[in-house]
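One structure below.
The values are calculated or read from the model by the stated rules, or taken from the named source; none is laboratory data. Nothing here was measured: the structure is a model prediction, and the numbers come from that model. Quick reminder, even Gly has a Cβ in these numbers, built from the backbone with ideal geometry, and neighbours come from all protein chains shown.
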Amino acid sequence: MNQSSQAIGVDVGGSSIKSAVVDLRSGEFAVARRSVTTPAQGPIDAMLDAISDVVSDFDRRLNVGIAFPSVIRAGIVETAANINKAWIGQPLAALAHKRLDREVIAINDADAAGLAEIKCGAARDVKGLVLVLTLGTGIGSALFLDGHLIGNSELGHLQVDGQEAEQRASGRVRVEKNLSWDQWAAQLSRVLQEYQALLWPDLIVLCGGITDDAPQFLDKLVCRAPLRIGKLRADAGIVGAALATASTRPR
Ligand code: BGC
């Protein structure tokens with residue numbers, strides 16, 4: 001095994017924390033995934049314990065990328081929309097480095113998913129402005145210009161007709177409000193139209209577990225920008241977090 005050609009990706013989602021060893025050239029899993037429940041509103045130590053649980057079995061020499069549902073700058077958590085607010089201001093990368101005794105980088109979860117789709121998924125080699133959206137607990141966004149990430153875009157919090165985009169059209173909202181696919185697709189269309197009118201992206205990629213149900217809603221979406229479903233589905237965050245360990249600029 002060539003150690004530097006692999007890294008551990010950890011995706012901290014609203015309900016579960018998932019990890020795998022990822023081959024950095026192909027984006028494929030070299031060692032299958034682990035998963036534990038996310039202590040989303042729990043104390044900081046509980047989250048670090050859970051991250052440690054999904055990493056501890058893997059080769060000690062491998063670096064770790066953590067995809068986290070927050071704005072992350074220089075390894076520090078800046079926001080906490082769907083996790084314990086105690087995370088705001090915490091140096092996630094440094095805390096995890098200490099806990100795991102491994103090299104760690106931290107990146108916003110949607111930015112991670114976007115990296116995976118840009119490098120080895122649905123937006124591979126696409127030039128121009130690409131917007132990658134994750135439709136899970138919240139709505140995450142990742143913007144790329146000619147393949148380069150413009151990090152921490154946070155478009156899920158954009159107001160659309162007086163309501164935050166992620167309160168209208170996240171995957172969680174569909175379940176919690178018991179929306180039909182038609183109703184949810186109408187909400188998501190409004191959000192996509194707003195993003196399209198502001199950014200004029202050349203492509204919008206939709207990601208997250210809900211895209212497994214794409215046949216239920218894709219044809220119902222109305223948006224002027226071309227739409228694609230992410231290729232890596234629910235694994236995009238894990239793959240992108242691992243890929244981020246190889247980026248030259250620490251986040
Ligand atoms: C957070 C983002 C995150 C997204 C998806 C939003 O509520 O503000 O940072 O990317 O949820 O988890």
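Of the residues making up segment 68-107, those that are of a type outside the set (A, V, I, L, M), within 16 Å of the ligand (Cβ to nearest atom) and farther than 19 Å from GLY136 by Cβ are ARG73, GLY75, GLU78, LYS85, GLY89, GLN90. Residue count for segment 160-196 satisfying the condition of being free of Cβ contacts under 8 Å to residues at least 12 places away in the same chain and not acidic (Asp, Glu): 9.
Is there any pair linking a residue in segment 53-78 that is farther than 14 Å from ARG33 by Cα and among the polar types (S, T, N, Q) to one that is modelled with pLDDT of 95 or more and away from the ligand (no atom under 15 Å from the Cβ), with Cβ under 6 Å and at least six apart or on different chains, and which? The qualifying pairs are ASN63/ALA7; ASN63/GLU103; ASN63/THR245.
Evaluation of LEU133 against the conditions (1) within 12 Å of the ligand (Cβ to nearest atom); (2) assigned by TED's automatic domain parsing to the domain that holds ALA46; (3) among the hydrophobic types (A, V, I, L, M, F, W, C) shows that the sole unmet condition is (2). Beta carbons closer than 7 Å, at least 6 apart along the sequence or on distinct chains, never pair a first residue in segment 142-159 that is without any contact (Cβ under 8 Å) to a residue 40 or more places away in the chain and not assigned by TED's automatic domain parsing to the domain that holds VAL132 with a second that is among the hydrophobic types (A, V, I, L, M, F, W, C) and crowded, with 22+ Cβ neighbours inside 10 Å. In segment 1-23, of all residues being assigned to a loop (DSSP other than H, G, I, E, B) and either within 16 Å of the ligand (Cβ to nearest atom) or within 17 Å of the chain's Cα centre (by Cα) (or both), the one that is surrounded by the most Cβ atoms within 10 Å (Cβ to Cβ) corresponds to GLY13.
Yes or no, residue by residue, for (1) within 18 Å of the chain's Cα centre (by Cα); (2) not in a helix (DSSP H, G or I):
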site: GLN183; (1), (2): no, no
site: ARG190; (1), (2): no, no
site: THR211; (1), (2): yes, no
site: PHE217; (1), (2): no, no
site: VAL222; (1), (2): no, yes
site: ASP235; (1), (2): yes, no
site: ALA246; (1), (2): yes, yes
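Of everything in segment 136-164 that is near the ligand (Cβ under 10 Å from one of its atoms) and either hydrophobic (A, V, I, L, M, F, W, C) or assigned to a strand (DSSP E or B) (or both), the residue that is farthest from the chain's Cα centre (by Cα) is GLU164.
Restricting segment 108-130 to residues that are within 12 Å of the ligand (Cβ to nearest atom) and not in a strand (DSSP E or B), the residue that is surrounded by the fewest Cβ atoms within 10 Å (Cβ to Cβ) is ASP109.
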